[in-house]
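This report concerns only the one structure given below.
What follows is calculated from the coordinates using simple rules that are stated; it is not laboratory data. If you're wondering where the values come from, they're calculated on a predicted model, not measured in any experiment. Because the Cβ atoms are built from the backbone with ideal geometry, glycine has one as well, and the counts that use them run over all protein chains shown.
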Amino acid sequence: MTSGAPSFLWDPHSPAWLENPYPYYARLRNTDPIHAAQTGEWIVTRYSDVSRLLKDRRFLLGNKREWVSRRADYFHERGHDFSALSVAICSFPLFLNGAQHNRVRRLIGLAWRNRDVEGLIRNNVARLLVPLSGAETFDIVARFTDLLPELAICGILGIPEARYPVIRESIHTIGRFTALYVSLKELVEIGDSIRAALAAITEIVQDRRQRPDDGLLSRLIVCNEEEGIHLPESDLVSLCIFLLSAATLTSRSTLSSGIYNLIKHPEQEGKLRREPALIDSAVEELLRYDSALQFAGREADENCEIGGVEFKKGSQVTLCLGAANRDPAAFPEPDRLDLARSPNRHVAFGLGSHRCFGDWLGRIQAQIAISELLRRTRSIDVAEQPLRNRDLGLRGFESLPVSVRWVEHG
Ligand code: HEM
């Protein structure tokens, strides 16, 4: 084994995995598709097993929430206060199961009927790209892909722009929660920095209660009362924090990875420039090829047997969405980026009862952003070494310096 190469079958923190996990996933899929990792959990990499387990109601979510509340009690007397964090995550759909999960999901469904977002997103894209046109090199993450999803979800919820900085900070913090493993030290830092966001969003919720507008936040408050759901206010605040985070973190990563992968496949980028109508299937393929959420965590709720493996109640399971999306049993030539791929039944949005609620928004945003970027430019290249996210769980870039040739009057 060469130095620096991962020494375990499952080594998601090694630099080689962070750079390119796909050969390692292939090794797992081929040799040990339900792998007992040295970290204690099961790692599932085949498309068939991942899809089956995502839909299997014997596998639940929620372990991070319980983990936080157990530590909140234990460390309270030792001077660490996790109360802000416990409140902030109490109503995260991805930490809930059964009736509690249905209740929150139903509320989002009732309140969020309006999918007329195209105008908003087109305006947001123009707002970010117009000031950039003419700039030869810039970090497309800092100037475009990190900002666009935040503008969309804040606009949809009806969050005042003056509050965006505090929201951005909290989303960044929550992003660290998507890491596969969260240490106590990180938890303390996350808990501390989430307090300001909690205060800001509580204030906005209270304000919308007094002065409703036509934003999603006001709709959530109204539906919560009128439809008899009656989530307490702290749960509404938590749900709002989740929607902001879920919409932003994943979409940012999808956009930065998507742009990077287009640059790295010039023949595919050229094809999309020549055939803009390919954008829908192009976005599906970019989602499959380098999925933003690489893992979905579950816990076995009872003893059961899957694929010849005995899962004991309480076993932790990591479903590798990124590995499933490169499984040759489901996708011919899975390591080839083919923007016209069809069919393309990827699991980048998950499956089953926790399937992504905002897939339609993630899709339309990526479609408009990428189409407009290509329409307004002649070429885009990587200008300097990009910096990947430090955790493989959320695959995207912290910075992606690009050099761009713009179309005149684009
Ligand atoms: C391209 C962007 C996106 C990707 C790749 C993505 C991916 C995912 C995935 C894989 C899950 C399921 C995780 C699991 O089963 O453990 C999920 C759940 C979720 N996503 Fe997305 N998402 C995206 C955009 C959005 C947007 C824009 C929203 C809007 C608020 C959103 C809201 C949600 C919600 C509410 C859930 C939880 C569903 C539940 O637990 O019932 N997502 N997302």
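Taking every DSSP helix (H) stretch of at least 4 residues in the chain, weighting each as -39,500 (n - 2.57) and dividing the sum by the residue count yields a mean residue ellipticity at 222 nm of -16000 deg cm²/dmol.
When the GluC sites (Glu not before Pro) in the stretch 109-166 are filtered for DSSP coil states and for at most 16 other beta-carbon atoms within 10 Å of their beta-carbon, the remaining sites are Glu136. For the chain, modelled as a GNM whose springs connect Cα atoms under 10 angstrom apart, the maximal fluctuation among Tyr181, Tyr260, Tyr22 occurs at Tyr181. Note on the chain: with a GNM built from Cα contacts shorter than 10 Å, the maximum mean-square fluctuation among Leu184, Leu361, Leu157 falls on Leu184.
Calculated FRET efficiency, Arg122 and Glu227, Cβ-Cβ r, R0 30 Å, to nearest 0.05? Given R0 = 30 Å and the Cβ-Cβ separation, E is 0.40. For the chain, a crude dipole built from +1 on the beta carbon of Lys and Arg and -1 on the beta carbon of Asp and Glu, taken about the Cα centre, is about 500 debye to the nearest 20.
Inter-label distance, Glu267 to His172: 4.1 nm, where each label sits 7 Å from its Cα along the C-beta direction. Across the chain, the mean sequence separation of Cα contacts (distance under 8 Å, 6 or more residues apart), normalised by length, yields a relative contact order of 24 percent.
Cβ-Cβ distance of Lys185 and Gln38, R₀ of 22 Å, FRET efficiency by 1/(1 + (r/R0)^6): the value works out to about 0.50. Taking each residue as 0.36 nm, the span from Gln100 to Ala162 lengthens on full extension beyond its C-alpha to C-alpha distance by 19.0 nm. The overall shape of the chain, judged from the alpha-carbon gyration tensor, is oblate: a/c is not under 1.5, and a/b is no greater than b/c.
By the combined test of axial Cα extent (at least 30 Å) and Kyte-Doolittle hydropathy (mean at least -0.5), the qualifying DSSP H helices of the chain come to 184-210, 233-264.
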